[in-house]
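Below is one structure, written out as structure tokens; comments come after it.
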Amino acid sequence: MQVRNASFFDCREVAKVHKECLAKSFLATLGEKFLTLLYKTLVKYKKGILLIAEDDGKIIGFVSATVATVDFYRFFLKKKFIEASFLLLPKAINLNILRKIFETLRYSKKNKINILLPKAELLSIAVKEDYQRKGVAQQLFKALAKEFYKNGINEFKIVVGDSLLNAKKFYRKMGCIKVGEFELHRGEISEIYIFKIKQYE
Ligand SMILES: CC(C)(COP(=O)(O)OP(=O)(O)OC[C@H]1O[C@@H](n2cnc3c(N)ncnc32)[C@H](O)[C@@H]1OP(=O)(O)O)[C@@H](O)C(=O)NCCC(=O)NCCS
């Protein structure tokens with residue numbers, strides 16, 4: 001198993017892994033094509049990180065992150081507005097989805113937690129079911145921390161849906177500290193964690 005930076009060509013497979021492993025997440029509901037576009041843009045974005053775990057040439061997991069999420073979404077909207085609108089148009093008719101898109105964009109600008117949160121953020125991490133509990137996510141997480149550190153980042157945040165019990169156990173095991181919770185989407189509690197990278201130095 002090896003961890004490496006994703007290329008443009010890996011993004012479709014990453015989107016598939018995202019959809020499969022995070023089926024109930026809001027981004028997954030926007031569809032595989034939208035996710036592919038999002039990940040391709042992340043690979044292009046200078047302050048974005050997309051790492052993949054590969055086994056025998058097959059993508060078995062990934063972690064995505066940005067140095068500043070709000071700047072990434074701005075970049076995405078500026079560069080991909082037309083393509084993204086085209087992909088989202090059939091879904092935007094669904095008012096619930098439209099509301100969640102605005103909630104996501106609003107969250108990345110302003111959150112309701114009363115402490116200063118790091119701008120850097122781990123956006124998603126996922127490992128295919130057959131490969132879970134073998135330390136794959138741990139390796140991805142450590143590789144991400146190193147990548148952030150190289151970019152002068154000492155801490156990053158993670159927002160986790162309250163129902164993702166395994167993910168919460170994983171983050172705690174990695175040494176992340178829960179600093180609060182808030183309603184990212186109406187009626188859905190999310191927990192917010194911080195990880196201080198110096199723990200690995
Ligand atoms: C969360 C997730 C990424 C963990 O991936 P993984 O490769 O299985 O995790 P690791 O094997 O590296 O686990 C490292 C440690 O985290 C903890 N952990 C991970 N999964 C766990 C689980 N299902 N139950 C309890 N503890 C768990 C354990 O302490 C584990 O160490 P151990 O196996 O030595 O006890 C994986 O379960 C997943 O893809 N879940 C679905 C997607 C998701 O919820 N992503 C988070 C989005 S924010």
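Since only TYR39, GLY152, LEU51 are under comparison, the one whose Cα sits farthest along the positive direction of the charge dipole of the chain, derived from C-beta charges on Lys, Arg, Asp and Glu, is GLY152. Extending 7 Å from Cα along the Cβ direction at GLN138 and again at ASP56 yields two label points whose distance is 2.3 nm. Summed over qualifying helices (DSSP H, 4 residues or more, each -39500 (n - 2.57)) and divided by its residue number, the chain shows a 222 nm mean residue ellipticity of -14500 deg cm²/dmol. With R₀ fixed at 25 Å, the C-beta to C-beta distance from LEU89 to LYS46 puts the FRET efficiency at about 0.30.
Taking only protein heavy atoms and a 1.4 Å probe, the accessible area of the chain is 53% carbon and sulfur.
For region 2-140, the solvent-accessible area works out to 58 Å² per residue, with a probe of 1.4 Å and every protein chain left in place. When the Gaussian network model of the chain links Cα atoms closer than 10 Å, the mean-square fluctuations of VAL179, VAL136, VAL159 top out at VAL179. Among the listed pairs LYS119/LYS196; LYS19/LYS58; LYS80/LYS142, which are separated by more than 22 Å between their Cα atoms? Result: LYS80/LYS142 exceed 22 Å.
Take SER163: with every protein chain present and a 1.4 Å probe, its accessible area is about 100 Å². A Förster radius of 30 Å combined with the Cβ-Cβ distance from THR29 to ASN151 puts the calculated FRET efficiency at roughly 0.45. Note on THR104 and ARG186: their simple-model spin labels are 1.8 nm apart, each label 7 Å out from Cα toward Cβ. The calculated P(r) of the chain, using every Cα pair and 10 Å bins from 0, goes 8, 36, 41, 14, 1 in percent.
Work out, in µm²/s and without decimals, the Stokes-Einstein translational diffusion coefficient of region 114-201 at 37 °C, 0.692 mPa s, Rh from Kirkwood over C-alpha pairs. Diffusion coefficient, whole number: 240 µm²/s.
The values are calculated or read from the model by the stated rules, or taken from the named source; none is laboratory data. Note that this is a predicted model, so its numbers are computed, not measured. Here Cβ is always computed from backbone atoms with ideal geometry, including for glycine, and neighbour counts include all displayed protein chains. We work out accessible area using only protein heavy atoms, side chains counted, and drop any ligands, DNA or RNA first. Shrake-Rupley method; radii C 1.70, N 1.55, O 1.52, S 1.80 Å.
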